[in-house]
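Step one of this worksheet: look at the structure below.
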Amino acid sequence: TPLMIKVAAKGLADGTFTITSINSSDGGPCWIEYCRANCGKTAYEVDWWFLENYVYRALMNWVDYFQTSLDPFQSHKRQSIEIGIKQLRQSNVHVDGKDYDSFYFHLLGCLWGNRADLSISAGKVGGHNLETDAHSLLVDDSKQVYQKLLQLQTPQFEGGSSSVVTIILDNCGTELLYDLIFVEYLLRTFPKISICLHCKSHPVFVSDALKVDVMTHIDELKTIGKAGSLSEYCDSGRLSLSEHDFYTSPLSFWEMPEDLKASLFNYGLVITKGDANYRRLVGDGLWPHSTKFQHVLSYWNKSTSLLAVRTCKAPVVIGLDYKIQDKAKAIDSKWLVNGKFGMLQFKK
């Protein structure tokens, strides 16, 4: 296995890595259909989005993940949790109100935690400082999201699937810790909603969260007295976890399987975390940055609101007028890819 990984790494670097079909004989998701148009092609001849997801699916085969359930990235995830917990221990800031400002504080934690990403840092994790600098927000639709949550409290939404908020998770460690603090805040502040966390079905992009990772993070937060009610919310059914192979596939959101579409499009609000989910939303297309978010997301169900929460780590960005683009470029020439800028982008 180490030799296979070494050969693959060399092939990816020099472009000789060749796509072969992957079936479900190892217990993992079947990629025969995804690979059909790419078999025999080299790494430099296929779409980057396909290649990224393909390599992690192949890696799970090489390390026998589906037979052993041993996460090859577990040590990196453990390290990122320890760093996040250390930071939270040192933080004396506690905000616990039902007003917009309190909501905004927790949402910003959810946003800026996305900077701590192991796939970007090649497994090297570092500390994270919660920043609320308005100059770093390219899009801020937080007030619309707050109003949507208030709307979900009204009788017309009570009790049904339309009162469910789904969060499609991204990274373990600092980000997931802040996500869970945000989740606990939402459940406490908006008592008529429930929340479903969507996880990856197998390890991908080094740090992406599995169901077991979420439970580990909940336990770690308990040790420092943070988000202590999450286990109770799990027991009561207001907090649930789900997983789907779609999130490790090369598909875009408009290509969702019918079972996942039926689920997501019944909910009142879907929140996507991170760059990979953002790229999945817009088809990983290099759209002009001024392209309207509402236009590209025209395929999204009109009765389900959407919030994309991400820091910019890829040149896939839409919904920005030219003044904002120019301002970001003036501050940092690498504004599209270095994670310094964030977006809270909402579709009603």
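The values are calculated or read from the model by the stated rules, or taken from the named source; none is laboratory data. Values in this document were obtained by computation on a predicted structure and should not be read as measured data. We place every Cβ from the backbone using ideal geometry, glycine too, and count neighbours over all the protein chains shown. Ligands, DNA and RNA are stripped out before the accessible areas are found, and what is left, the full protein with its side chains, is counted by its heavy atoms. Shrake-Rupley method; radii C 1.70, N 1.55, O 1.52, S 1.80 Å.
Which net charge results for the neighbourhood of VAL212, defined as the other residues with beta-carbon distances under 15 angstrom from its beta-carbon, given Lys and Arg at +1 and Asp and Glu at -1? Walk me through the numbers on the way to the answer.
Details: positive: LYS77, ARG78, LYS200, LYS211; negative: ASP71, ASP208, ASP213, ASP219, GLU220, GLU243.
So the environment of VAL212 carries a net charge of -2.
Among 167-174, 322-329, 277-284, what's the highest-first ranking by average C-beta atoms within 10 angstrom per residue?
Details: 167-174: 27.6, 322-329: 13.5, 277-284: 21.4.
Result, highest mean first: 167-174, 277-284, 322-329.
Can you tell me the length gained on complete extension of the stretch GLU158 to GLU258, counting 0.36 nm per residue apart and subtracting the Cα distance?
Details: separation 100, 0.36 × 100 = 36.00 nm, distance 2.53 nm.
Extending this stretch completely gives an extra 33.5 nm.
Between PHE265 and LEU3, take the C-beta separation as r, use R0 = 30 Å, and let me know the FRET efficiency to the nearest 0.05. Walk me through the numbers before you get to the answer.
On the way: r = 45 Å, r/R0 = 1.51.
The computed FRET efficiency comes out at 0.10.
Match the structure shown to one of the listed values [x] 30, 60, 10; [y] 18, 37, 26, 15, 4, 0; [z] 29, 57, 13, 2, 0 of P(r) over Cα pairs in 20 Å bins from 0, in percent, computed from it, and give that label.
Among [x] 30, 60, 10; [y] 18, 37, 26, 15, 4, 0; [z] 29, 57, 13, 2, 0, the one calculated here is [x].
Excluding ligands and nucleic acids, what accessible area in Å² is computed for HIS198 using a 1.4 Å probe, to the nearest 10?
10 Å²
Once ligands and nucleic acids are excluded and a 1.4 Å probe is used, how much of LEU336 is accessible, expressed in Å² to the nearest 10?
For LEU336, the solvent-accessible surface is approximately 30 Å².
Top to bottom by accessible area (1.4 Å), largest first, where do MET60, MET215 land?
On the way: MET60 0, MET215 75 Å².
These residues rank, largest area first, as MET215, MET60.
Putting +1 on Lys and Arg Cβ atoms and -1 on Asp and Glu Cβ atoms, find which of TYR322, THR248, SER236 reaches farthest to the positive end of the dipole of the stretch 204-325.
Toward the positive end, the furthest listed residue is TYR322.
Rounded to a whole number, what is D in µm²/s for the stretch 275-317 from Stokes-Einstein with the Kirkwood radius over alpha-carbon pairs (4 °C, 1.567 mPa s)? Don't skip to the end; give the middle numbers.
Values: Rh = 11.0 Å.
Estimated diffusion coefficient is 117 µm²/s.
List the lysines whose Cα sits under 16 Å from the Cα of LYS226, skipping any in the same chain fewer than 8 residues away.
By straight Cα distance, LYS226 reaches LYS86.
In nanometres, what is the gap between the two model label sites at TYR44 and LYS222, each 7 Å from Cα along Cα-to-Cβ?
5.3 nm
Counting other Cβ atoms within 10 Å, which chymotrypsin sites (Phe, Trp or Tyr not before Pro) in the stretch 1-76 have at most 11 and lie in a DSSP loop? Before the final figure, lay out the partial values.
Numbers: sites: PHE17, TRP31, TYR34, TYR44, TRP48, TRP49, PHE50, TYR54, TYR56, TRP62, TYR65, PHE66, PHE73; in loops: PHE17, TRP31, PHE73.
Here no loop site has a sparse enough neighbourhood.
Please give me, ordered by residue number, the trypsin sites (Lys or Arg not before Pro) of the stretch 285-320 that lie in loop per DSSP and have at most 15 other Cβ atoms within 10 Å. Display every interim value, and only then the final one.
Working: sites: LYS292, LYS302, ARG310, LYS313; in loops: LYS292, LYS302, LYS313.
Hits after loop and neighbour filter: LYS292, LYS302.
Between ILE32 and LYS334, with labels modelled 7 Å along Cα→Cβ, what's the label distance in nm to one decimal, could you check?
Output for this residue pair reads 4.4 nm.
Loop only by DSSP, 16 or fewer other Cβ within 10 Å of the Cβ. Give me the GluC sites (Glu not before Pro) in the stretch 135-237 that pass, ordered by residue number.
Working: sites: GLU158, GLU175, GLU184, GLU220, GLU232; in loops: GLU158.
For GluC sites (Glu not before Pro) across the stretch 135-237 that sit outside H, G, I, E and B with at most 16 neighbouring Cβ atoms in 10 Å, the list reads GLU158.
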